[in-house]
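The values are calculated or read from the model by the stated rules, or taken from the named source; none is laboratory data. This structure is a prediction, so every number in the text was calculated from the model and none was measured. Backbone-built Cβ (ideal geometry, glycine too); neighbour counts: all protein chains shown. For the accessible areas, the whole protein counts, side chains as well, though only heavy atoms, and no ligand, DNA or RNA atoms are used. Shrake-Rupley method; radii C 1.70, N 1.55, O 1.52, S 1.80 Å.
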Amino acid sequence: ISLQAVLDAFNGTASPQTSIIVFEQRIPRTIVGITCGAALAVAGSLMQSLTRNPLADPGIFGVLSGASLAVVIGLAFFDLSHPYAQLLIAVLGAGVAAGFVYGVGSLGPGGPTPVKLALAGVATSAALSCVISAVMLPRAQGLDDYRFWQVGSLGRGTWDSLTTIAPFLVVAAVLAVLVASPLNSLALGEEMAIGLGVNVTLTRVAAAGAGVLLCSAVTAIAGPIGFVGLMVPHTVRMLCGSDHRWLLPLSALCGSGLLTLSDVLGRVVSRPSAALPVGVVTAFVGAPILIMIARGAKVREL
């Protein structure tokens, strides 16, 4: 529709059909894109800071796969289709996956090193993806909606879904703001942070909890959208440094812009056929950046 039609909708002179398109489809979808992009970018920033790993990402660390598996199990076996129920089980699945990855990555000498956490996350994500496929294959017709949602799409975003995830996003945002300064101290080393009066355990739990809540909320309404939490914080960190008081808000701003732009691009390049899911677009953009980061990373130990 034209720009004039959008202006007419705001002025109240457009047709009912145009008004429905603008106020019930386009605006909610845009706000969902802005919200989800910001949430994924902040979650990626928190995970990279906690693990001291530039490759840390909700998708690579298995958090998105854990939330996805929980949602598909709820749909397949318990018929949990209400957005609030899906959000709760997504939070549960993401939390269990994050705890499992951290536990496995902590085994052996040296504790939870960045390399071990990344390997544990990749392995866990692959295993959970296989379980998801095993659950879906016998129920392909009944889970058509999930198959479209699985690749990451903003098409399911509505005013109701935004209202459902808003409390979780607010809590996660407050936690992220509170841990910004302690994370700066923690970056100097655990002993230095303790000397500066930082409660290291509480900081890590709060930051991890904020990341899990953000990822779960996004996954519940838009599916597992990857790479946003990887490339945005890494790029912002190169531009503004590692001060989390700047890193987190700027990551949120850039993440919202990236995901919204990716959604628009996916709708434009696929016309007149169905829109290309935003998860596919971010994968095309993010995969080269992941390769670049991996090539530049200095891995010294396993």
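Tell me which DSSP H helices of the chain clear both cut-offs, 24 Å or more of axial length from alpha-carbon atoms and a mean Kyte-Doolittle hydropathy of at least 0.0.
Details: long enough: 27-51 (36 Å, 1.22); 83-105 (32 Å, 1.51); 114-136 (33 Å, 1.69); 159-186 (39 Å, 1.61); 200-222 (33 Å, 1.72); 244-269 (37 Å, 0.95); 278-296 (27 Å, 1.91).
Helices meeting the criterion: 27-51, 83-105, 114-136, 159-186, 200-222, 244-269, 278-296.
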Top to bottom by accessible area (1.4 Å), largest first, where do His244, His82 land?
-> His82, His244
What residue among Ile194, Ile289, Ser256 has its Cα farthest toward the positive end of the dipole of the chain, where the charges are +1 on Lys, Arg and -1 on Asp, Glu, each on the Cβ?
-> Ile289
Accessible heavy-atom area order of Glu191, Glu24, highest first, probe of 1.4 Å = Glu191, Glu24
Please work out the C-alpha center-to-center distance from the stretch 148-207 to the stretch 101-129 and express it in whole Å.
-> 20 Å
Pairwise Cα inverse-distance average, inverted: Kirkwood Rh of the chain (Å) = 19.8 Å
Gyration tensor (alpha-carbon) shape descriptor, the stretch 161-302, a/c threshold 1.5 = oblate
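For the stretch 107-215, compute Rh as the Kirkwood radius over C-alpha pairs and then the Stokes-Einstein diffusion coefficient at 4 °C and 1.567 mPa s; write the answer in µm²/s, rounded to an integer.
It diffuses with D of about 74 µm²/s by this estimate.
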Which whole-number percent gives the relative contact order of the stretch 180-302, counting Cα pairs below 8 Å spaced six or more residues apart?
-> 23 percent
Relative contact order %, the chain, counting alpha carbon pairs below 8 Å whose residues are six or more apart = 30 percent
Give the relative contact order (percent, whole number) for the stretch 128-246; include only Cα pairs under 8 Å separated by 6+ residues.
-> 36 percent
Kirkwood-based shape ratio for the stretch 1-122, expressed as Rg/Rh from alpha carbons = 1.19
Can you grab the distance from the C-alpha centre of the stretch 1-69 to the C-alpha centre of the stretch 248-264, Å, no decimals?
-> 8 Å
Among Ser161, Ser2, what's the order by accessible area (1.4 angstrom probe), most exposed first?
-> Ser2, Ser161
Residues whose modelled amide H sits under 5 Å from the amide H of Ala14, counting only those 5 or more places away in sequence or on another chain, are Ala9
